[in-house]
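K.L.:
Quick one: the structure is below, and I'll ask about it shortly.
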Amino acid sequence: MFPPRHLRILPPAVLLFAALGASGCRELEGFSTASGEVYRGSIVSADDVRTGFDADGDTVDDVFGAGTAMELTLRFEEFQTDNVARITTSDGLFTDAPLLSVEPLWHDTLSGLSFPAGRLRSGMYWARAASTAPAELADREILAVLSLMVDGSVEVRLISGTDRLYGLFRLRKEPVD
């Protein structure tokens, strides 16, 4: 049996590229967390990639302090929707907060923004801080940049204003305790 006429005129290299693209999508689906799985990790503590927030004036960061941990559940198949991920941080800034998609972004060239150094795919979202977070941050939307890494890990960068918060979290998939 021969392939359909429109496929016979395509060079074999084009068909191979299309097949590789389809398998890449399946590879990215492996990033989704199944029942009983979560991504976990801590904030990168280096001061040049972490700006915390001292809510009570004691000079210790209450939000994004060194050692702040994050848990994330991920549904890769929902990458362009509000169902892509949910985050919780140990400092109470986020409690099961969804990453909120910016619908028009996915129809703009900005959605193709790529970063170097082993990132397979990245997306920009908003995450709403918990109502119980410090008053200056409570219920605020904070920019979240989610990156799926070549090594199977996930990076989340959270940014609020120019001098408020900046945090880079490196997460690995683990079983839920």
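The values are calculated or read from the model by the stated rules, or taken from the named source; none is laboratory data. Computed from a predicted model, the values in this text were never measured in an experiment. Methodologically, a virtual Cβ is constructed for each residue, glycine included, from the backbone with ideal geometry; neighbour enumeration extends over all protein chains shown.
K.L.:
Among PRO116, PRO134, which is out of contact with any His (no Cβ under 9 Å at 6 or more places or on another chain), at pLDDT 90 or above and of a type outside the set (A, V, I, L, M)?
P.N.:
Working: PRO116 fails: at pLDDT 90 or above.
After applying the criteria, what remains is PRO134.
K.L.:
While we're here: Among the residues of segment 63-101 satisfying the criterion of being at positive phi and in contact (Cβ under 8 Å) with a residue 40 or more places away in the chain, which is nearest to the chain's Cα centre (by Cα)?
P.N.:
Residues of segment 63-101 that are at positive phi, as a first pass: 64, 67, 92, 96.
Applying the additional criterion that residues be in contact (Cβ under 8 Å) with a residue 40 or more places away in the chain yields 64, 92.
Working: PHE64: 17, GLY92: 18 Å.
If we take residues in segment 63-101 being at positive phi and in contact (Cβ under 8 Å) with a residue 40 or more places away in the chain, then PHE64 is nearest to the chain's Cα centre (by Cα).
K.L.:
For segment 59-110, give me each residue that is surrounded by fewer than 16 Cβ atoms within 10 Å (Cβ to Cβ), modelled with pLDDT of 95 or more and outside any loop (DSSP other than H, G, I, E, B).
P.N.:
ALA69
K.L.:
Here's a follow-up. When segment 111-124 is examined, which residues are found to be exposed (fewer than 12 other Cβ atoms within 10 Å of the Cβ) and polar (S, T, N, Q)?
P.N.:
Across segment 111-124, the qualifying residue is only SER114.
K.L.:
Any idea how many residues of segment 142-166 are surrounded by fewer than 17 Cβ atoms within 10 Å (Cβ to Cβ) and under 20 Å from GLU71 (Cβ atoms)? Give the steps one after another, and end with the answer.
P.N.:
Residues of segment 142-166 surrounded by fewer than 17 Cβ atoms within 10 Å (Cβ to Cβ): 143, 150-153, 159, 161-164.
Then keep just the ones that are under 20 Å from GLU71 (Cβ atoms); that gives 143, 151-153, 159.
Of the residues in segment 142-166, 5 are surrounded by fewer than 17 Cβ atoms within 10 Å (Cβ to Cβ) and under 20 Å from GLU71 (Cβ atoms).
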